[in-house]
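J.: Quick one: this structure, given as structure tokens, is what I'll be asking you about.
The values are calculated or read from the model by the stated rules, or taken from the named source; none is laboratory data. Keep in mind that what you see is a predicted model, and the values were worked out from it rather than measured. For neighbour counting, all protein chains shown are included, and Cβ atoms are generated from backbone atoms with ideal geometry for every residue, glycine included.
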Amino acid sequence: MRIDYKLSDKFDLGIFIPVSLLIAIGLTAIFSSTYNHPTMSGNFNRQLIFGIAAFIVFFITYSLPTNTFKMISIPTYLFSLLLLVVVLVVGRKTSGARSWLDIGPFGFQPSEFGKIGTILAMSLYLSRKNTDIDSFKDILFSLSIGLLPVLLILLEPDMGTSMVFIGMILILIFWKGISLFGLFVVLSPGGVAISALFGVYYFVGSLVLILVMLLLFRKDIFFSGSIFALNLASGFFAGSLYNALSPHQQKRIQSFIDPNSDPLGAGYNTIQAKVAIGSGGLFGKGFMQGNQTQLQYIPEQWTDFIYCVIGEEFGFIGSIIVLILFLFLFLRILKIAASTKDEFLSLTLIGILSVYIIHYLINIGMVVGILPVIGIPLPFVSYGGSSLLVNMFMLGIIANVYRNRKNYT
């Protein structure tokens with residue numbers, strides 16, 4: 001009993017066990033989905049090796065002095081920006097995006113490393129004693145730290161990863177304690193940009209709404225005018241951004257609205273994913289018994305569409321178990337972040353949690369057809385070495401904070 005107490009006091013099994021189970025489920029699904037594939041049958045062995053390496057990274061990160069993360073914040077952020085620039089020049093193009101760097105036989109996505117750098121840099125800035133998140137200067141500077149890597153990622157172009165970064169930035173600012181007006185300033189340009197994509201009438205309507213809101217807030221006329229100009233510019237920028245997307249990304253957005261408009265093209269994955277999950281029933285068809293999975297109806301289902309494999313072969317029960325494991329993990333991380341009095345560490349944990357949650361929501365959403373297909377993997381489950389290593393590094397930070405929580409509470 002004494003040993004168990006010491007273990008739970010220093011090591012949080014509440015985050016380690018769910019993640020270990022998710023990785024095991026992912027390996028099972030990867031094995032099933034690639035076993036009969038003519039060229040991808042080695043993915044299971046590669047993921048297994050990366051999984052072992054990821055656990056080593058986790059325990060190393062867990063053992064570091066906690067103040068290490070604050071010390072490496074700026075160097076990590078600057079190095080991640082450098083990698084994002086380098087990948088634009090010499091990166092490998094995959095699925096229309098120049099997002100991979102190759103080092104010998106291994107490849108990785110700098111955007112994955114950029115998540116760590118951006119979280120640490122924003123947390124460091126927002127945790128400064130003299131930071132006022134409701135001041136225009138601090139809001140602008142905070143957004144600049146987060147949006148600089150977003151702009152570089154959009155140049156690849158990788159819309160899915162950019163959305164993860166944007167969501168992470170907004171959640172960090174919200175956790176810092178932004179006011180209602182500050183939240184309006186941050187969110188309104190995005191709302192106007194989205195409305196502009198639906199047509200000029202929606203665009204004009206959103207601008208009228210913004211004008212009414214600014215009058216209700218009764219701020220300085222120059223400040224209000226600047227906010228209105230920012231919203232106006234975001235609407236014009238949205239059209240340019242949509243036109244800058246590659247054709248296959250535009251088709252994904254169009255097929256989200258109506259998957260049957262291109263059932264053999266952009267809407268194919270969504271339709272087949274629904275068929276796979278729906279055919280699983282309550283208990284599933286059994287391990288390596290799924291028709292959609294074994295006959296390779298869904299391209300690269302070991303990555304972004306791995307949840308289809310789980311749904312078809314392990315049914316509703318298996319799908320729900322995965323969701324419960326994620327929800328338990330999220331609540332546990334939130335509890336640790338909320339109990340940590342060191343603002344930098346609390347913000348860092350919330351940034352990490354936001355990355356996990358956004359990946360989780362977008363991936364599950366696109367698989368069941370309620371969100372567009374934008375190429376977002378399911379954390380700890382989908383195939384991908386760099387993603388798994390980064391996710392386990394971030395989990396190591398959380399475990400590290402838990403280990404030293406008595407020093408920061």
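J.: Which one of LEU154, LEU211, LEU216 is in contact (Cβ under 8 Å) with a residue 24 or more places away in the chain and more than 22 Å from SER123 (Cα to Cα)?
T.: LEU154 is the lone residue from the list that is in contact (Cβ under 8 Å) with a residue 24 or more places away in the chain and more than 22 Å from SER123 (Cα to Cα).
J.: Something else: Residues being part of a loop (DSSP other than H, G, I, E, B) and in contact (Cβ under 8 Å) with a residue 12 or more places away in the chain: count how many of those fall in segment 31-53.
T.: Going through segment 31-53 one residue at a time, the tally reaches 4.
J.: Specify which of the listed residues (ILE321, ILE370, ILE362) is out of contact with any strand residue (DSSP E or B) (no Cβ under 6 Å at 6 or more places or on another chain), farther than 30 Å from GLY42 by Cβ and either at pLDDT below 95 or surrounded by fewer than 21 Cβ atoms within 10 Å (Cβ to Cβ) (or both).
T.: ILE370
J.: Can you tell me which residue is farthest from PHE31 (Cα to Cα) among those in segment 54-63 that are surrounded by 14 or more Cβ atoms within 10 Å (Cβ to Cβ) and among the aliphatic types (A, V, I, L, M)?
T.: Filtering segment 54-63 for residues that are surrounded by 14 or more Cβ atoms within 10 Å (Cβ to Cβ) and among the aliphatic types (A, V, I, L, M), the one farthest from PHE31 (Cα to Cα) comes out as VAL57.
J.: With respect to the numbered conditions (1) crowded, with 16+ Cβ neighbours inside 10 Å; (2) in contact with a helix residue (DSSP H, G or I) (Cβ under 6 Å, 6 or more places away or on another chain), which one is the sole condition not fulfilled by TYR202?
T.: TYR202 satisfies every listed condition except (1).
Here is a yes/no grid of residues against (1) of a type outside the set (Ser, Thr, Tyr); (2) crowded, with 20+ Cβ neighbours inside 10 Å; (3) touching a Gly at 6+ places or on another chain (Cβ under 9 Å):
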residue	(1), (2), (3)
MET122	yes, yes, yes
SER127	no, no, no
ASP138	yes, yes, no
LEU147	yes, no, no
LEU154	yes, no, no
ASP158	yes, yes, yes
THR161	no, yes, yes
VAL164	yes, yes, no
LEU170	yes, no, yes
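J.: Let me ask another. Return the residue satisfying two criteria in turn: it lies in segment 98-115 and is touching a residue at least 60 places away in the same chain (Cβ under 8 Å) and in contact with a Ser or Thr (Cβ under 6 Å, 6 or more places away or on another chain), and of such residues it is surrounded by the most Cβ atoms within 10 Å (Cβ to Cβ).
T.: GLN109
J.: Looking only at residues that are assigned to a loop (DSSP other than H, G, I, E, B) and charged (D, E, K, R) in segment 128-164, which one is farthest from VAL185 (Cα to Cα)? Walk me through how you get there before you give the answer.
T.: Let us first name the residues in segment 128-164 that are assigned to a loop (DSSP other than H, G, I, E, B), namely 128-135, 155-158.
Narrowing the set further to residues that are charged (D, E, K, R) leaves 128-129, 132, 134, 156, 158.
Numbers: ARG128: 21, LYS129: 22, ASP132: 14, ASP134: 10, GLU156: 28, ASP158: 25 Å.
The extreme case among them is GLU156.
Residue by residue, here is whether (1) under 17 Å from VAL19 (Cα atoms); (2) touching a residue at least 24 places away in the same chain (Cβ under 8 Å); (3) assigned to a helix (DSSP H, G or I) holds:
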position	(1), (2), (3)
LEU282	no, yes, no
VAL309	no, yes, yes
PHE314	no, yes, yes
LYS335	yes, no, yes
ILE358	yes, yes, yes
ILE374	no, yes, no
PRO379	yes, yes, no
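J.: Has segment 33-53 got any residue that is farther than 30 Å from LYS335 by Cβ, at pLDDT below 90, surrounded by 12 or more Cβ atoms within 10 Å (Cβ to Cβ) and in contact with a His (Cβ under 9 Å, 6 or more places away or on another chain)?
T.: yes
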